[in-house]
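Here is the structure we will look at.
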Amino acid sequence: MNEPLLSVNDLRTHFETSDGTVLAVDGVSFAVERGETVCLVGESGSGKTVACESITKLLPMPPGKLVGGRIDFDGRDLTDCSPGQLSDVRGKRIAHVFQNPQGALDPVYSVGAQLVEAIRLHRDVSKRAARERGIELLDRVGIPEAAVRFDEYPHEFSGGMKQRVVIAMALAAEPDLLIADEPTTALDVTTQASILDLLNDIKAERDMAILFVTHDLGVVAEMADRVVVMYAGKVMERGDVHDVFETPAHPYTQALLRCLPGRGERRETIGGGFPNPTDPPTGCRFHPRCPHAVEDCIGGEQPALEPANNNETHRAACVFYDEDHDTEVVQESAADRAAQPSEQSKQQTDGGHATEGGNR
Ligand SMILES: Nc1ncnc2c1ncn2[C@@H]1O[C@H](COP(=O)(O)OP(=O)(O)OP(=O)(O)O)[C@@H](O)[C@H]1O
Ligand code: NI
């Protein structure tokens, strides 16, 4: 089998703060194959953004520090790259799109000028050819009258249109991987849906992989081939999106799914508070909030990711999936939930994430 495009292994990214060491990403492993969409999902503070920004070292360091792990991208360990090599990767192979498109565009230059610059960074073409290519890209991302709007400035575009421009700029470099961190969270529902459609179409056209961050399982259902469920700096579960939605293995995933509109008796929220990132619980980090927690969940390290339902590609980090426990306990509750009507809606969001303002 071919190597995955991106493979993150036992990544640890911590922050030194006056309150102590924030264990933002604390032993996270996942992979992204060429041409697939992997969604990172989890409540606010789980470490999704830090995991993504560790890949190309976009994080402020200090206070951030990669304290361990490997990040292999197309055969090369990015943790070993010089800043120059990394900025090359960032510009040409891996593109980032953030929640707030405002931050990605320079208000002083026209949209076209910024696109031309992005194109010429990637390809040695004349200004005129770059302009043509830029207009083509604006048209592709759904900007009407692209040739006219090419010369306009960012403030003349609505939020959704700005995000389309940012996506066009990301595509200018023809990246192999697009990292999109909550790219639609700041937009209204209709615009959000059309941007998700656009990303799905582009992915199919270009055989580009997408690492997509969201706290919204409705969005995961729209986008993901595979999903990685994070909680308090750890991966709780990962697998094919159908497996994870149909037979969620970790009690945390089960709880997240019960919060989804249209699932379960009525909308629930997960009881209990999110852990302190400088002093997370021992054992399974979810154990203080877990309805199934037993003594073995409390001490030691987070359980390893073990196959769930004898499926090597669907894994959960829960003691019930190791040899000494009976998985029926946690699977019965999942089966109950699956028996409920499972109409999904991306009309609403949930997960305790602040959707207003800011880039993160
Ligand atoms: N620059 C920083 N300095 C200190 N701590 C940080 C910094 N950036 C992130 N953190 C901490 O790292 C942890 C993970 O944050 P991260 O932004 O990755 O969460 P997230 O899953 O992306 O959440 P959200 O859904 O709110 O975006 C949090 O506890 C956060 O406070
Ligand atoms: Ni985030």
Sequence of L121, L257, L58 from largest to smallest accessible area, 1.4 Å probe: L121, L58, L257
Per residue accessible area in Å² of the range 114-178, where ligands, DNA and RNA are left out and the probe is 1.4 Å: 48
Length-normalised contact order for the chain - Cα pairs under 8 Å, 6+ apart - percent: 20
Estimated [θ] at 222 nm from DSSP helical runs (n ≥ 4, -39500 (n - 2.57)) normalised by residues in the chain, nearest 500: -9500 deg cm²/dmol
Partners for K92 among lysines (Cα-Cα distance below 16 Å; same-chain residues under 8 apart left out): K57
Geometric extent, Cα atoms of the range 244-339 - Rg, Dmax (angstrom): 13.3, 39
HN-Hα J in Hz across the range 198-212 - Karplus 6.51, -1.76, 1.60, θ = phi - 60°, x for Gly and Pro: 4, 4, 5, 5, 5, 4, 5, 5, 10, 6, 9, 8, 10, 9, 10
Ranking by accessible area, most exposed first, for M169, M236 with a 1.4 Å probe: M169, M236
For the range 244-339, accessible area per residue (1.4 Å probe, heavy atoms of protein chains only), Å²: 50
Mean separation of Cα contacts under 8 Å (6+ apart) over length of the range 102-174, as relative contact order %: 45
R93 accessible area, 1.4 Å probe, all protein chains in place, Å² to nearest 10: 70
The range 44-108 - percent of accessible surface contributed by carbon and sulfur, probe 1.4 Å: 49
Carbon plus sulfur fraction of accessible area for the range 129-252, probe 1.4 Å, in percent: 46
Computed accessible area, D88, all protein chains, 1.4 angstrom probe, square angstrom: 80
Reference-scaled alpha-carbon Rg (2.2 N^0.38 Å with N residues) for the chain: 1.01
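The values are calculated or read from the model by the stated rules, or taken from the named source; none is laboratory data. Bear in mind that the values here come from a model prediction, so they are computed numbers and not experimental data. Note: accessible area is taken over every heavy atom of the protein model, side chains too, but ligands, DNA and RNA are not part of it. Shrake-Rupley method; radii C 1.70, N 1.55, O 1.52, S 1.80 Å.
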